[in-house]
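First up is the structure itself, then whatever we jot down about it.
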Amino acid sequence: MEQAKQSNKANIAKTLIVYLGGAWVIIEAINFLIDKYDLNTAILDVLILLVIFGLPAILIYTWFQQKFTRKAIILQAINGVIALAVIVFTLVNPGKLDPTQLRLLKFKNQQKQLAESIQSIVILPFDNYTGTDEFEYYVAGMHSGLIGDLGKISALRVISKTSSRLFKDVDLSIPEIATELGVDAVIEPSISCVGGDSVCVQIKLVSAFPEEQQLWVQDFRVAKDQILNFYNDVTKKISEEINIVLTPQEESLLAEAKTVNPEAYDAFLKAKHFWDQFTPEALQLALEYFNRAIEIDPDWGPPYAGLAYYWIAMRQFGLAPNSVTIPNIYENLEKATELDPNSAYTHYVSALATVWTGFKWDKGEKEFLKILEINPNDAFSRIYYAHLLSLLRRHDEAILQGKIALDLDPLNPMIQALYAMILPDVGRYDETIALSEKVHSVVPGHPIASSVKSLAYLYKKDYRKFLEFYIQVLPLENLPGSTILDTYDEKGLTSAIMLFIAELERTAGDRYPTMLGELYTVAGDNSKAMDWYEKAYKSHDPNLPYIGMYTYSYGAYKVDDKRFDALLEKLKLPPR
């Protein structure tokens, strides 16, 4: 009897050693396959639980000398029921028990820790593996769509599309790109097919530091009418992968199920493609495709917002009268808001119209805050909100929003130029000039950079440089810049400015009332300056609000006319 007990204990010891050794090898082999092919980690969780509860099962079997006695069957049944309950609980509540903590080699856990350290990310342009450039507009549109959706996560800094697109087809490693943009990780998307009713997409999440490491990859075949839900799905999967807890607002936005007519979406992406080119010819094509999208699906909101944005641009550049532009702006905005009240794009266009067409500062601020509630990573909303805050002379808040915009889109010349515009009001003239020169090194003759640089030189009383760059803002065919500069050299600033005014009044008429007011201000003719400012008020010239920011309001060229203070009051801008 004693010898039988000793033999049984020896058998159990051998079984234990063999079982644990074999189980460890199997688990780590499965772990390797999961890491390599990015299989569902639930496979590993279930396997580990089976190993845990398989041990008592094999020990019971060995203890009872491979005999199925009544007691052995009862013990095996109890063990089986407990095992099944724990496995079901783990599958229903992933991450609660985390049985992978029991592994000896925790490669996946290290990877998980790396993923959870990600706080900033860039989505690179989609690699187009379709074999044709015909779908480049579609690929670019998907890139923008995914950035827009991922940008809804407030706990994650997401680089905007302009800075991201600069890294299309560049010969740089993932760590080099991440270093340039100051991010922790990179998303590498690709598209391999664009069929009649679906697209084939692969999304990779790659950590850049301490070395390049793929953390997650998944292939999707997306029905075209489900493309908006695809963006939501990817955003949720990435947030889960890097263990970001979504706010209730974010959960709600990403839970919205949206189907879209594929042909309408295709037309909308073509419209956005031409809009980004921003030439007169391209804008007309954008108009055609926005209208085409509406014809196909009149109940989808974004194309109406696109039309409103088009008419804002026409008004901004003086290419159509207010009698045409303003009704079209508000009519399309109303329809876009009615159809899609949670669209950051619609609220963005509405904010631009509310501030620079409607001159309604409080309502405009509410629109900007609504956008940033929906998408805190929207760089253009941040920078234009900074402009509104500057108009209201809330300079510290303006600088903060401007810096965030630069952080989100660090290589975008337009963002840099718009940020430079708010610096003169806080006396940072040299920084204004340096940033404008940085913009000009990328986009020579950039009109906003030229305008703000000329203003900075005016404040510094370097009048010749002021004129050099002001000439670039609105070149006049019949008045060479050299003539203005020669006049300045011979007769001084006022004579040079009056030349500019005479030609602008002759050729442009009432198209640039605020600019003419500013020129008369610099020339020292306050009465005529106010005549033009009041014309600008009647036409709601989008440039008029800026008179409250700059030196014409309270600086070296302050307008010495009571009508100016009355105008600030009518505009409901802060008094000087």
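The values are calculated or read from the model by the stated rules, or taken from the named source; none is laboratory data. Please read all numbers here as calculations on a predicted model, not as lab measurements. A quick note on method: Cβ atoms are made from the backbone with ideal geometry, for glycine too, and the neighbour counts reach across all protein chains shown.
Summary of values
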item	result
The lone exception for Ala57 - which of (1) at pLDDT 75 or above; (2) in contact with a Pro (Cβ under 6 Å, 6 or more places away or on another chain) it fails	(2)
Of the criteria (1) surrounded by fewer than 18 Cβ atoms within 10 Å (Cβ to Cβ); (2) at pLDDT below 95; (3) not in a loop (DSSP other than H, G, I, E, B), which one Phe466 fails	(1)
Selected residue [more than 26 Å from Ala420 (Cα to Cα), part of a helix (DSSP H, G or I), acidic (Asp, Glu) and touching a Leu at 6+ places or on another chain (Cβ under 8 Å)] from Glu569, Glu490, Glu505	Glu505
Criterion (in the same structural domain as Val234 (by TED's automatic domain parsing), in contact (Cβ under 8 Å) with a residue 40 or more places away in the chain, touching an Asp or Glu at 6+ places or on another chain (Cβ under 6 Å) and more than 16 Å from Tyr231 (Cα to Cα)) met by exactly one of Ser154, Ser163, Ser207	Ser163
Restricting the stretch 205-230 to residues that are under 18 Å from Ser120 (Cα atoms), buried (at least 18 other Cβ atoms within 10 Å of the Cβ) and not β-branched (Val, Ile, Thr), the residue that is modelled with the highest pLDDT	Leu205
Cross-chain or 6+ apart pairs with Cβ under 6 Å, the stretch 478-493 first and under 23 Å from Thr521 (Cβ atoms) and modelled with pLDDT under 90, then of a type in the set (A, V, I, L, M) and assigned to a helix (DSSP H, G or I)	Gly481/Ile471
Qualifying helices (runs of 4 or more DSSP H) (wholly inside the stretch 160-265; at least 3 residues being of a type in the set (S, T, N, Q) and out of contact with any strand residue (DSSP E or B) (no Cβ under 7 Å at 6 or more places or on another chain))	227-241
Scan of the stretch 408-433 for residues that are part of a helix (DSSP H, G or I) and either within 30 Å of Leu150 (Cβ to Cβ) or in contact with an Asp or Glu (Cβ under 7 Å, 6 or more places away or on another chain) (or both), ordered by number	Leu408, Pro413, Met414, Ile415, Gln416, Ala417, Leu418, Tyr419, Ala420
Test for Met498: is it touching a residue at least 40 places away in the same chain (Cβ under 8 Å) and in a helix (DSSP H, G or I)	no
